[in-house]
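This report refers to the structure that appears directly beneath it.
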Amino acid sequence: MIVGKFFSVARYFTLILFGILLIFSSNNLNASTALPMQFSGSASLEDGSPVPDGYKVVAKVLDFQVYPSTVNNGKYWALTVGPSGDSYIGATINFYLCYLGSDCTEQGNILANESIPYLASTGLTVKNDFNLTFPSLPVPPPTPTPIVTVAEASTYSGFIIVADSVMPSGAQLIAKIGDYVSEPAVIAAPFYLDLIVDPKDLSFVGSTVEFYLNGFKARTTTTFISGEQKSIDIIIVGYPQPTPTPVPPTATPVPPTATPIPPTPTPTPVPPTATPVPPTATPVPPTATPVPPTVTPVPLPPTPTPIPISKKISTKLSEIVPTATSVPPTATSVPPTATPTESSGGGCFAAEETSFATGVVNMMFLLLPVGVLVGMRRKNQNK
């Protein structure tokens, strides 16, 4: 009996406790168990024109800001809001339009006309037609001008010209602004390089920069501008001529060198080279010297004297005595015969030209012995 009453009381107590927990869980759902809210929709201006592409839409709940969504074709997509903590339940979600290039954390973003409270839910809340309207496009704030507190160094390079003199060896070129003195520049005549003027004090900006070569002031000056890199030619006029330093003679005697000089070697005669030199076969052209004709007198043969035939002719051939009748020369002049020079056919049997009269005479000399023999034979026959 007692045990039954105990179970009845325990059952009622359990039902009451379960009811209390159920009521508490339904009325006190906190943000740690709530799922986020997601928004998508159009983004336009109050005049109805769509927000240009590239601008960004961002949502904020108190100090919580979500990752922005970029506008494309006048719409934004999947802007998700899901903070954690009881303080965000019921707080207002505000939407902002950010200017181009912004991460939506700066000032100057435009607040949308629409807003919604953040509600706790046991499921994901999706609003795909949550359209936003903005009064205007955001304008980026002006870039603040940096405050310069230190002057930047300036660098000079160029020609260095020393009029009426020469560049001294090991010369140093420096710059001065008031009591400031720079480090020497690198000199590679006729140039100087990297003369750095770095006073760091802003009060020197706009002051005159003077140049000095070995302490001698140059005619050229310039104005100091912070951070300037400038090419400037430095001209120096009236630089003192260097005084030559006399060198005293050295009184130290120079001892003679005891190094023996080797004899000059006798050159070895070189025997002549027995290389035969072939004769040069240079043809000697014949000299075309004309040979004048030689006038050779041709003797005329004697005129044969007719021998009278007596009635009685000696029968003996030995009795016939030839007469020594001289034949007077004829007065016929024979033209001189030009002795021909030896022709290519040459030799003793070369033909030569004769006159007609000479030919007749020669023929008579040839026929005379024949006529004598014929006459003697007839005489013998008649006997």
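May I ask you to say which residue of Tyr212, Tyr239 is closer than 16 Å to Ile161 by Cα and in a loop (DSSP other than H, G, I, E, B)?
The unique qualifying residue is Tyr239.
What are the residues in region 176-200 that are of a type in the set (Asp, Glu), assigned to a loop (DSSP other than H, G, I, E, B) and either at positive phi or touching a strand residue (DSSP E or B) at 6+ places or on another chain (Cβ under 7 Å) (or both), if any?
Scanning region 176-200 gives a single hit, Glu183.
From (1) among the hydrophobic types (A, V, I, L, M, F, W, C); (2) more than 44 Å from the chain's Cα centre (by Cα); (3) closer than 15 Å to Ile161 by Cα, pick out the condition that doesn't hold for Ile187.
(2)
List, please: which pairs have Cβ atoms under 7 Å, are six or more places apart or on different chains, and start with a residue in region 121-137 that is without any contact (Cβ under 8 Å) to a residue 24 or more places away in the chain and within 20 Å of Cys98 (Cα to Cα) and end with one that is surrounded by 14 or more Cβ atoms within 10 Å (Cβ to Cβ) and aliphatic (A, V, I, L, M)?
none
Take Val148 and tell me if it is touching a Ser or Thr at 6+ places or on another chain (Cβ under 9 Å) and assigned to a loop (DSSP other than H, G, I, E, B). Write out each step before concluding.
Values: touching a Ser or Thr at 6+ places or on another chain (Cβ under 9 Å): yes; assigned to a loop (DSSP other than H, G, I, E, B): yes.
Criteria met by Val148.
Out of all the residues in region 215-231, which are within 21 Å of Asp164 (Cα to Cα), touching a Phe, Trp or Tyr at 6+ places or on another chain (Cβ under 8 Å) and of a type outside the set (S, T, N, Q)?
Across region 215-231, the qualifying residues are Phe216, Lys217, Ala218.
Restricting to region 344-383, name every residue that is assigned to a helix (DSSP H, G or I), modelled with pLDDT under 80 and β-branched (Val, Ile, Thr).
Within region 344-383, no residue meets the criteria.
The values are calculated or read from the model by the stated rules, or taken from the named source; none is laboratory data. In this text the structure is predicted, and so the values were computed from the model without any measurement. Note that each Cβ is placed from the backbone with ideal geometry, even for glycine, and that neighbours are counted across all protein chains shown.
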